[in-house]
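Some notes on the structure that comes next.
The values are calculated or read from the model by the stated rules, or taken from the named source; none is laboratory data. The structure presented is a predicted model; accordingly, all values stated were derived computationally and were not measured. Every residue, glycine as well, gets a Cβ built from its backbone with ideal geometry; the counts of neighbours run over all protein chains shown.
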Amino acid sequence: MSGWRGSRAGGSLPRLTWFSIRPGRIMGVMGDRMTLDSISLEPSPAVEAYKRDVDRTLIRENLKLSPSERLAKLISTLRFVEEVRRSGAAKR
Amino acid sequence: MTDFRRLLETLVSGNVEFIIIGGMAATAHGSAHVTADLAVVYGRSADNIARLAQALAPLAPYLRGAPPGLPFRFDAGTIRSGLNFTLTTVAGDLDVLGEATGGGTYEALLPHTEVHSVLGLDVRFVDLETLIRLKRAAGRPKDLERIAELEAIADERQKG
């Protein structure tokens, strides 16, 4: 397995380095095939580095909504983006 | 703009067995990221492949990013011969996957799904934990931010 490993000092942006680990160690393997259960959910330094910057206020607001309301919000956002795009294109 | 309702209605009315994964599943679980395409894992049984081909035919599916004019037909034979297809359709971009990275076949994912009523349709989404596993398995640098958000969602849900 390989992936990105993150670290950072102070308030700087995360610094990512590529790492490689023998398969079997973390993932576990079944023949050559990865299985869902073999995918580790152990904390990853890279993900933890990104987690610090996640805006949890947006998540908390979304969690107050039902899945249907969350998708309706997404569609409404996409419509807005499309309108902005069209408006920009019309002005060019 | 992707017409999610039309894409989902097409699949549901065609009785296609599918599970929503990717960005739209993340949205359903509470992600604040904006996604513009729909990704689904479909069952690979002969009947379901036939239903998938038939359902999508009116949407004129074509290989996304391929030059126009290729003799591509998204029919049962093509689906059987292939596995994962990134398509463009008249209703927007649609990824139809026979298997998501991480062993995510329809049958393997099915026990890890939840049905939600969205846009007036009952559709099956992969659950949050499995979505995180799939994103981790994909191992793409661009997914790190998404995984971080999904894990933060799991944290917030636990705090409840």
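Report, by residue number, each residue of the range B:125-140 that is in contact with a strand residue (DSSP E or B) (Cβ under 6 Å, 6 or more places away or on another chain) and more than 19 Å from B:A154 (Cα to Cα).
B:G139
Listed here are the helices (runs of 4 or more DSSP H) enclosed by the range A:21-92 that have at least 1 residues being more than 8 Å from chain B (Cβ to nearest Cβ), over 30 Å from B:R6 (Cα atoms) and at pLDDT 95 or above: A:56-63. If the condition is being facing chain A (nearest Cβ under 8 Å) and either within 19 Å of A:E69 (Cβ to Cβ) or in contact with an Asp or Glu (Cβ under 8 Å, 6 or more places away or on another chain) (or both), then the range B:146-160 contributes B:A148, B:E149, B:I153, B:E156, B:R157.
Quick check on my filter: what residues within the range B:125-145 are touching a His at 6+ places or on another chain (Cβ under 8 Å) and more than 9 Å from chain A (Cβ to nearest Cβ)? Result: B:V126, B:D127, B:L128, B:L131.
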